[in-house]
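Shown next, in structure tokens, is the structure this report addresses.
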Ligand SMILES: [Zn+2]
């Protein structure tokens, strides 16, 4: 499962950081997930919860920020490629739906620039 391996990587980084700083507990973790990653946040949070049991990170609050993909157009527009309204309630928008994003200025197809990153923004620890 994709989410499980991602959760393992995140968990390892969190534990390493906590160890390095001689933390006694991890209060919260903030993740940034690009809109094109196809990661289910529910599954990711579930895996992190399971992994952190009996560890220093047990009970840490995990915040997830979604980063919309950005796009570029031949007319010079560069910015947020946005998320179509109809997809806002779905936790796994499809790559195809993003790929047909059009330029808000001229209406041409946008060249997507990003949105497939998953990173740890902050780790809040108790020292
Ligand atoms: Zn344009």
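Nothing in this text is a laboratory measurement; each read-out follows from the coordinates by a stated rule. All values derive from a computational prediction rather than experimental measurement. Counting neighbours? That spans all protein chains shown, and the Cβs are built from the backbone with ideal geometry, glycine included.
FRET efficiency for the residue 53 to residue 109 pair, using the beta carbon distance and R₀ = 41 Å, is estimated at 0.35. In plain terms, the chain from residue 126 to residue 80 could stretch by 13.0 nm, reckoned as 0.36 nm per residue minus the Cα-Cα distance.
Between residue 16 and residue 116, the FRET efficiency from the beta-carbon distance, with R0 = 30 Å, is close to 0.80.
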